[in-house]
1. Of the residues that make up region 371-379, is at least one surrounded by 12 or more Cβ atoms within 10 Å (Cβ to Cβ), outside any helix (DSSP H, G or I) and either within 16 Å of the ligand (Cβ to nearest atom) or at pLDDT 85 or above (or both)?
2. Give me the strands (runs of 3 or more DSSP E) completely within region 250-335, filtered to those with at least 1 residues that are under 19 Å from LEU471 (Cα atoms), among the small types (Gly, Ala, Ser) and within 16 Å of the ligand (Cβ to nearest atom), ordered by residue number.
3. Mind checking which residues of region 370-420 are closer than 30 Å to LEU261 by Cβ and of a type in the set (A, V, I, L, M, F, W, C)?
4. When the residues of region 287-300 are narrowed to those that are free of Cβ contacts under 8 Å to residues at least 60 places away in the same chain and under 40 Å from the mean Cα position of the chain (by Cα), which ends up surrounded by the most Cβ atoms within 10 Å (Cβ to Cβ)?
5. Can you tell me which residue in region 336-366 is farthest from ASP431 (Cα to Cα), limited to those that are among the hydrophobic types (A, V, I, L, M, F, W, C) and modelled with pLDDT of 85 or more?
6. Which fully enclosed helices (runs of 4 or more DSSP H) of region 129-233 have 3 or more residues being at pLDDT 80 or above and assigned by TED's automatic domain parsing to the domain that holds PHE253?
7. I need the full set of residues from region 10-27 which are modelled with pLDDT of 80 or more and not aliphatic (A, V, I, L, M), in order please.
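The values are calculated or read from the model by the stated rules, or taken from the named source; none is laboratory data. Worth saying up front: this structure is predicted, and the values here are computed from it rather than measured. So basically every Cβ, Gly included, is an ideal-geometry build from the backbone, and we count neighbours across all protein chains shown.
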Amino acid sequence: MTLAFGYVRRSSYKQQENNSVEIQKAHILEYARRKGLSVPDEFIIIEDVTSAYNKRANQRKELMRLKEMMIETKIPTVIFYEESRMDRTAYTFVLDFYRPLKEVIPDILVYTTNSENPFNPDNEQNKIALLLYRQESEIKSSRAVGNLIAHLEAEEKTRPGSKVPFGYKQVNKTLIPNEDSEIVTFIYYLHSWGVSMGKIATILNDSEVPSPSGKAWRSSTIENILKNPVYTGTLIWDIQKSKTERKYEFQDFHEPLIDCLLKQISDINIQLQSNYGRLDTPFLFLNKLKCADCGDKLATQNGSTKRNGIAYQYQYYVCRTCNYKLAIDELHEKLLPQTFKHVQSSITAQTMKTTSEAYLTQFQQTIKKNIANLKNSIDKAHSKGCIAKEQGDKELEEAAAFLQLKYKTSIDNLVSYSKSVDELKGALDSDFFSHRFNQLLDASLAITEKRLIILYFVDEILISPEKPPKLIFCENFFEQLLPLDKLPKQRGLQMDKLPNHIQTTGIQNTDIS
Ligand SMILES: [Zn+2]
């Protein structure tokens, strides 16, 4: 008879009748019998749920011991009672257990008693099952899980099947780049250099490039493409459940059309424009000029007169408080050479790289601190939930589950943000930025490119009619590229409707300085 392992998890609560260790064992042995497998008693691994709850797979002692035993004995088969026994933190089971084992034992067979076929992490059904069980452990109410199943199924119909993103075709449920994929890449490229969405639409229409709808390109078409994370190879499921939103991200789900960095630069450009105003404006220093006398931000003024039938444009930066105006051409002639000279020398300077690196490190530390705080809060909410369950307080129990879910969503956001920061760090190490800007300064610059450089590198400029202008530059690449206010904020943590013996734990402010 072929030998196999079994894996059972012991709940810390009063055993629910279907989940007791004995019942799990019986199911496993019955399943083994049907498959012609033998599971000796000492081959049944029992993990205590208290220690395993919410932990990722590699922190579960018994699961890791099982992995070692399988490698040592070269027995490739293990039976779990059901998916929820395998993993309550979804994908870590695959990352920490299944994939490493598969490398050593290619013919690994992971069975669950509720399925005839061996577990396959690349199978769509298994992914959904793992997601559902993660949800189940988060919202310990069968009604909520029922809703989620309905949601996920509804989600399945629209994603990604019925609406295939522009630039891809769908073959066997997988997205594959098609002949339009180069257009997507081109759109991202143009946008990363500051070309506006409207301008990109015009360029494509002029070149008679067919649009997704077959009609003319519009800036909204471009915007939808620029905002879609699908192009970095990421599949996102948004699961909306009353006030709670869960976002599941599968990275490297299909072939990307653009690299993450290009996407990030494009996002940053959108952010910069919403902070400082548009890029294709003759007012290159828009929102970067401050009056040296009164400290007000300079406004802009467009004037025109007609003389002998010819229109003359006058454009000024003005201080409304001190009541003076500065002609833009004159001012730009003064400021632009200084600005570009500074950028030219600083992008290759070691100090710029060092301060940039330090900035990113500090950034990461703040993110980590916040994640640690949130984990702490999850533990607290969890233990309150356990007490509530023992006392049969349904309301408090659900409130605790709700809180945990909130905190988890915040952690997910921070983790994905942290990944972006890592990406930038990599770009810094590979001299991506200095190369990118060097390349730019060698060419003759379009208005939007000049404005982008100013937004990236100029912190502010103090100006007045009498004094010489004072230029203040950013100390590192990321001060503007990665402003602190981009750190995701805690959302919707007002818990005033919850029983007041549940406290939300304060989240550490994300300020660095
Ligand atoms: Zn003033």
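1. Within region 371-379, none of the residues are surrounded by 12 or more Cβ atoms within 10 Å (Cβ to Cβ), outside any helix (DSSP H, G or I) and either within 16 Å of the ligand (Cβ to nearest atom) or at pLDDT 85 or above (or both).
2. So the answer is 299-307.
3. ILE371, ALA372, LEU374, ILE411, LEU414, VAL415
4. Selected residue: THR300.
5. Step by step, filter region 336-366, then rank; the result is LEU336.
6. Fully inside region 129-233 and qualifying: 181-192, 197-206, 219-227.
7. Result: GLU22, GLN24, LYS25, HIS27.
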